[in-house]
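Asks: Following this message is one structure expressed as C-alpha cells.
The values are calculated or read from the model by the stated rules, or taken from the named source; none is laboratory data. For clarity, every value in this text was computed on a predicted model and none was experimentally measured. Please note: Cβ atoms are built from the backbone with ideal geometry, for glycine as well, and neighbour counts cover all protein chains shown. The protein model used for the area step is the full one, side chains on, heavy atoms only, and it has no ligands, DNA or RNA in it. Shrake-Rupley method; radii C 1.70, N 1.55, O 1.52, S 1.80 Å.
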Amino acid sequence: MEQQLQATSRSPLAELLVLALPTVAQMASYTVIQFTDTYMLSRLGELEATAAGNASFFGFALISLGFGTMWVVNTLVSQAFGRGDNRACGEHLWAGVWLGVAYGVLLLPVCLLADEIFNLLPHESDLAKAEADYLAIVLSFTALRLVAAAAGQFLLAVDRANLTLLAAFVGAGVNVLANYVLIYGHFGFPAMGVAGAAWGANVGAGVELLVLVFCCSLPSICSTYGVCNWRPRWKRLRTLIKVGLPSGGQMLGDVTAWTAFSLWVMAPFGTQAMAANTFLMRFMSMSFLPVFGLSAGVTALVGRYIGRGQPDVACQRAALGFKLAAAFMLTCGLCFLFFGGAMIGLFTDDPEVRRMGTLLMKFAAAYQLFDALYIIYVGALRGAGDTFWPAVATAGLCWLIVVGVAGVLAYGVPELGIAGPWISASVYGVLLGLFMWLRFKAGGWRSIQLDAEPANVV
C-alpha cells in the first residue's frame with residue numbers, strides 16, 4: 001500500500017516519468033543492441049547485415065504473438081495493484097510465465113524448418129542460408145525471452161521499473177560484448193559472423209532473465225506479491241489468454257506484415273534495396289522503441305487508475321504520454337529528413353544503397369506524429385483491456401495496405417521504384433494512428449471489466 005500512496009502523491013508528469021523513463025531506457029538499450037548488431041555485421045558486408053535484419057524481423061514476427069500477450073501481464077497486474085490486491089499481482093505474473101514457456105516450446109519445431117522457409121523466398125542462396133542460420137538460433141531461446149517479458153511487465157506494474165531497467169542494461173551490455181567476441185572471433189572463440197550475432201542475442205537474453213528472476217525473488221517483492229506461489233491458476237490463465245491473445249494477435253499482424261514487406265515486397269528491387277530498408281529500420285527503431293517504453297508506462301497508469309475507479313485520470317495520463325511521445329518522434333523525424341544521408345552512411349559506402357536509404361528516411365519522417373498516436377493510444381487501450389478491435393484494425397490495415405497495396409505497387413508498377421511501397425506504408429501509419437486515437441477518445445473501454453477475482457481463486 002505504501003507504493004500506491006507514494007505514486008498518488010507525485011505530480012502527473014513525475015508519476016509518468018518514474019514509470020516510463022526506466023522502460024524507455026530499457027527499450028533504448030534494445031535499440032543499441034540492434035544498431036550495434038547491424039553495424040558490426042555491416043563491417044563484414046551488406047549481405048551479413050541484411051541477413052540478420054531480415055531473419056530478426058521474421059523471428060520477431062513468430063515470437064510477437066507471445067510478446068503481445070505478455071504485455072497484458074502489465075494490464076492485469078496494474079489493475080490488481082490499483083485495487084490493492086497484491087496476491088493477484090503474483091498470480092498474474094505466473095500466468096504469464098506458464099503461457100510464455102508453453103508458447104516457446106510450441107515454436108521449437110520451426111527451428112528445424114528455417115532453411116525451407118527462406119528457400120521459398122526470392123533471395124540469393126547465400127543470403128537465404130545466412131538468414132536461416134540466424135533464425136534457427138534465435139528461436140531456440142523463445143521461452144526465455146517470453147518469461148523475461150512477463151517478469152519485466154510485472155515489475156513495471158508494481159512500481160519497480162528501475163529493476164526492469166537494471167536487467168535490460170546488464171543484458172544489453174552482455175549482448176554487445178558477446179556480439180563482438182562471437183561475430184569477429186576474439187578471446188579464442190571462432191569467428192561466427194551472422195550465427196555469432198544470433199548467439200550473442202541469446203546470451204544477452206539469458207543474462208537479462210537471470211537478473212529479472214533475482215529481482216523478483218527479493219524478499220520485499222516476493223513476500224508482498226506472492227511471487228513464490230508458482231502453481232498454475234487456470235482462471236488467471238484464462239483471463240490472460242482472453243485479453244492477451246488479441247493484444248498478441250495485434251502485434252503478430254503488425255510484425256508479420258512488416259516482415260512480409262521487408263522480405264517479399266522489397267525483394268524485386270534487389271539486395272541493395274533490402275539493405276537500404278534494413279538500415280532504415282534500424283534508425284526507425286531508435287524513434288519508436290523508446291516510445292513503446294513510454295507506452296508501457298501509459299498502460300500501467302491507465303490500468304492502475306481504472307483499478308482505482310478513476311477513468312478520467314487515466315485519460316489525462318494517456319494525453320500526457322502522447323505529448324511527450326510526439327515531441328520526441330517529431331524531433332527524430334526532423335533528423336531523418338535533414339540528416340538521413342549521413343545516417344545511412346554510417347552503415348554503408350555503397351552510393352546506391354545510400355541513395356535509396358536517404359529516400360526512405362524521408363518517408364519515415366513523414367508519419368512520425370501518427371506513429372506516436374498509434375503507439376501511445378494502443379498502450380492506453382491495452383491498459384483498459386480493450387484489445388480485440390485494435391488488433392483487428394492493426395492486422396487488417398497492415399495486411400491490406402503494407403502488404404497488399406504495397407505489393408501491387410512493387411510488382412505491378414515497378415517504375416515507381418522503392419518509393420511505391422513506402423508511399424503505401426506511410427498511408428498505413430497515418431490511418432492506424434488516427435484509428436487508435438479516435439477509439440480511445442470514444443470511451444467504449446470505460447465499460448470493460450477484467451479480472452476482479454479474489455486472490456485465492458484457483
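Asks: Got a sec? Which of Met40, Met70 is assigned to a helix (DSSP H, G or I), within 18 Å of Thr299 (Cβ to Cβ) and either open to solvent by less than 40 Å² (accessible area, probe 1.4 Å) or among the polar types (S, T, N, Q) (or both)?
Replies: Residue meeting the stated conditions: Met70.
Asks: Is it fair to say Ala61 is more than 19 Å from the chain's Cα centre (by Cα), part of a helix (DSSP H, G or I) and either farther than 17 Å from Thr224 by Cα or among the basic types (Lys, Arg) (or both)?
Replies: Here the answer is no, as Ala61 does not meet what is asked.
Asks: Would you check which residues across the range 270-286 are polar (S, T, N, Q) and under 13 Å from Asn54 (Cβ atoms) and list them?
Replies: Thr271, Asn277, Thr278
Asks: Can you pull out the residues in the range 86-109 that are open to solvent by 30 Å² or more (accessible area, probe 1.4 Å) and touching a residue at least 40 places away in the same chain (Cβ under 8 Å)?
Replies: Asn86, Arg87, Trp94, Trp98, Leu99, Val101, Tyr103
Asks: Within the range 132-155, count every residue that is closer than 10 Å to Gly59 by Cβ and open to solvent by less than 10 Å² (accessible area, probe 1.4 Å).
Replies: The qualifying residues number 3.
Asks: Ok, one more. Being more than 22 Å from Leu369 (Cα to Cα) and either open to solvent by 40 Å² or more (accessible area, probe 1.4 Å) or of a type in the set (Val, Ile, Thr) (or both) is the filter here, so list the residues in the range 288-310 that pass it.
Replies: Ile306, Arg308, Gly309, Gln310
Asks: Of Trp234, Trp230, which residue is open to solvent by 10 Å² or more (accessible area, probe 1.4 Å), closer than 29 Å to His92 by Cα and in contact with a Phe, Trp or Tyr (Cβ under 7 Å, 6 or more places away or on another chain)?
Replies: Trp230
Asks: Within the range 54-86, can you find the residues that are among the small types (Gly, Ala, Ser) and more than 13 Å from Leu139 (Cα to Cα)?
Replies: Gly68, Ser78, Ala80, Gly82, Gly84
Asks: Looking at the range 156-174, which of its residues are open to solvent by 10 Å² or more (accessible area, probe 1.4 Å) and not small (Gly, Ala, Ser)?
Replies: Asp159, Arg160, Asn162, Leu163, Leu165, Leu166, Phe169, Val170, Val174
Asks: Among Thr36, Thr69, which is closer than 19 Å to Gly357 by Cα and at pLDDT 75 or above?
Replies: Thr36
Asks: Another one. What tally of residues in the range 198-244 results from selecting those that are within 26 Å of the chain's Cα centre (by Cα), of a type in the set (A, V, I, L, M) and part of a loop (DSSP other than H, G, I, E, B)?
Replies: Residues that pass the stated criteria total 1.
Asks: From Ala275, Ala267, Ala257, which residue is more than 13 Å from the chain's Cα centre (by Cα) and surrounded by fewer than 21 Cβ atoms within 10 Å (Cβ to Cβ)?
Replies: One residue alone meets the criteria, Ala267.
Asks: Test Gly206 against the criterion of being more than 20 Å from Thr50 (Cβ to Cβ), without any contact (Cβ under 8 Å) to a residue 60 or more places away in the chain and surrounded by fewer than 19 Cβ atoms within 10 Å (Cβ to Cβ), and give yes or no.
Replies: When the stated conditions are applied, Gly206 does not pass them.
Asks: Which of the residues belonging to the range 289-343 are of a type in the set (Val, Ile, Thr) and free of Cβ contacts under 8 Å to residues at least 12 places away in the same chain?
Replies: Within the range 289-343, Val313, Thr331 qualify.
Asks: Moving on. Taking the conditions exactly as written (among the aliphatic types (A, V, I, L, M), in contact (Cβ under 8 Å) with a residue 60 or more places away in the chain, in contact with a Lys or Arg (Cβ under 8 Å, 6 or more places away or on another chain) and in a helix (DSSP H, G or I)), does Ala195 satisfy them or not?
Replies: So Ala195 fails the test.
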